[in-house]
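Engineer: I'd like to ask you about the structure that follows.
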Amino acid sequence: MSKISAFIFDLDGVITDTAEYHYLAWKRLADEEGLPFSREDNEALRGVSRRESLVRLLKGKVLPEPQMEAYMARKNEYYRAFLAQITPANLLEGVADFLAQARAHGIKLGLGSASKNARDVLKGLGITDQFDAIGDGYSVSRTKPAPDLFVWVAGRLNVPPAECVVFEDAEAGVAAARECGMYTVGIGDPARVGAADIVLPNLAGVQVSDLLGKLANITH
Ligand code: BG6
Ligand code: MG
């Protein structure tokens, strides 16, 4: 019987849907610079760091470092203008209830997001104080699919990785969690998160007790 002591949540695509804002911000930059960039291109950027997103958007074009920095800063400025509009209404359906249930079960809660804006997003959503540990784009240098961020969060929670469940909507995030022996719940399209132990469309109506029951039957 597996022991589960902590849940670690990705932010973008699991707790709230900021993917559209990331898309609009990259799209504005791409349009201004005459670079082709579609919604489909944006899907491939889920969970990918800001720098790696720009590298992929450039599709092989190489820019000097100062220009890379300037593009990233501009995209972030556009993105942050959207963040200013975030309120608790931007929590995805079922998230508030799921976090409350987990707390009631005595499960520690952590955040493991690649975003350097994660704390501001949590603040807008009004859920910062729900988390016992917050790992963001500043916490580690190697980004997902490296396991470093989730290991860092588990350390802060003082829980062994084998007792953690990671909730992720990105392929790279599921891979990162599996790499360090954590349980994985994939949220969304099975084409992206099919490698997870359990795949759910979202957290709406999900009962923590049911989920723990299903995870107890899974051995790694
Ligand atoms: C991830 C998003 O959470 O954070 C990516 O899924 C984003 O789309 C990455 O590029 C980095 O975010 P930020 O806010 O540091 O640019
Ligand atoms: Mg995500």
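Engineer: Order of 133-145, 154-166, 201-213 by packing, highest average Cβ count within 10 Å first?
Structural biologist: 154-166, 133-145, 201-213
Engineer: By the gyration tensor of its Cα atoms, with a ≥ b ≥ c the square roots of the eigenvalues, what is the shape of the range 1-94: rounded for a/c under 1.5, prolate for a/b over b/c, or oblate?
Structural biologist: prolate
Engineer: How big is the charge dipole of the range 19-83 about its Cα centre, in debye rounded to the nearest 20, if each Lys and Arg gets +1 on its Cβ and each Asp and Glu gets -1 on its Cβ?
Structural biologist: Roughly 100 debye, rounded to the nearest 20.
Engineer: Sticking with this structure for a sec: Write down the radius of gyration of the chain and its Dmax, each obtained from C-alpha positions, in Å.
Structural biologist: For the chain, the Cα radius of gyration and maximum Cα-Cα distance read 17.3, 56 Å.
Engineer: How many Å² of accessible area per residue for the range 95-151, probe 1.4 Å?
Structural biologist: Solvent-accessible surface per residue comes out at 43 Å².
Engineer: Another question, then. For the cross-link pairs Lys27/Lys59; Lys27/Lys75; Lys3/Lys214; Lys75/Lys116; Lys116/Lys144; Lys75/Lys123, which exceed 19 Å when the distance is taken from alpha carbon to alpha carbon?
Structural biologist: Going by Cα-Cα distance, Lys75/Lys123 fall outside the 19 Å limit.
Engineer: If you don't mind, another one. If each residue of separation counts as 0.36 nm, what is the full-extension length gain between Asn158 and Thr87 once their alpha-carbon separation is subtracted?
Structural biologist: Working it through step by step, the gained length comes to 22.5 nm.
Engineer: Over the heavy atoms of His22, what accessible area does a 1.4 Å probe trace out, to the nearest 10 Å²?
Structural biologist: Accessible surface of His22 is approximately 40 Å².
Engineer: Toward the positive end of the charge dipole of the chain, about the Cα centre and with charges on Cβ (Lys, Arg +1; Asp, Glu -1), which of Leu54, Ser141, Thr184 goes farthest?
Structural biologist: Farthest towards the positive end: Ser141.
Engineer: Using a 1.4 Å probe on the protein chains only, how many percent of the accessible area of the chain belongs to carbon and sulfur?
Structural biologist: 51 percent
Engineer: Would the range 1-55 count as rounded, prolate or oblate if I go by the C-alpha gyration tensor, calling it rounded below 1.5 in a/c and otherwise prolate when a/b exceeds b/c, oblate otherwise?
Structural biologist: prolate
Engineer: Tell me the volume per residue, in Å³, of the convex hull enclosing the alpha carbons of the range 80-137.
Structural biologist: 73 Å³
Engineer: Please compute the modelled spin-label separation between Glu20 and Ala100, points set 7 Å along Cα→Cβ, answer in nm with one decimal.
Structural biologist: 2.5 nm
Engineer: Next up: Just how far, in whole angstrom, is the range 1-78 from the range 171-220 if you go by their alpha carbon centroids?
Structural biologist: Taking the Cα centre of each part, the range 171-220 and the range 1-78 sit 23 Å apart.
Engineer: Another question, then. Arrange the peptides 87-94, 31-38 so that the one whose residues have, on average, the most other Cβ atoms within 10 Å appears first.
Structural biologist: 87-94, 31-38
Engineer: On average, how much accessible surface per residue is there in the range 1-54, in Å², for a 1.4 Å probe, leaving out ligands, DNA and RNA?
Structural biologist: Value returned for the range 1-54: 44 Å² of accessible area per residue.
Engineer: Treat every Asp and Glu Cβ in the chain as -1 and every Lys and Arg Cβ as +1, leave all other atoms uncharged, and give the resulting dipole magnitude about the Cα centre to the nearest 20 debye.
Structural biologist: Here the size comes out at about 380 debye.
Engineer: Return the calculated 222 nm mean residue ellipticity for the chain, to the nearest 500 deg cm²/dmol, obtained by summing -39500 (n - 2.57) across DSSP H runs with n ≥ 4 and dividing by the residue count.
Structural biologist: That comes out to -12500 deg cm²/dmol.
Engineer: What order, most packed first, do the peptides 114-123, 172-181 have when packing is the mean number of other Cβ atoms within 10 Å of each residue?
Structural biologist: Descending packing order for the listed peptides: 172-181, 114-123.
Engineer: Output the Cα-based Rg and Dmax of the range 107-220 in Å, rounding Rg to one decimal and Dmax to a whole number.
Structural biologist: For the range 107-220, the Cα-based Rg and Dmax read 13.5, 38 Å.
The values are calculated or read from the model by the stated rules, or taken from the named source; none is laboratory data. In this text the structure is predicted, and so the values were computed from the model without any measurement. Reconstructed Cβ throughout: ideal geometry from the backbone, glycine too, with neighbour counts over all protein chains shown. Remember, those area values only see protein heavy atoms, side chains included, never the ligands or the DNA or RNA. Shrake-Rupley method; radii C 1.70, N 1.55, O 1.52, S 1.80 Å.
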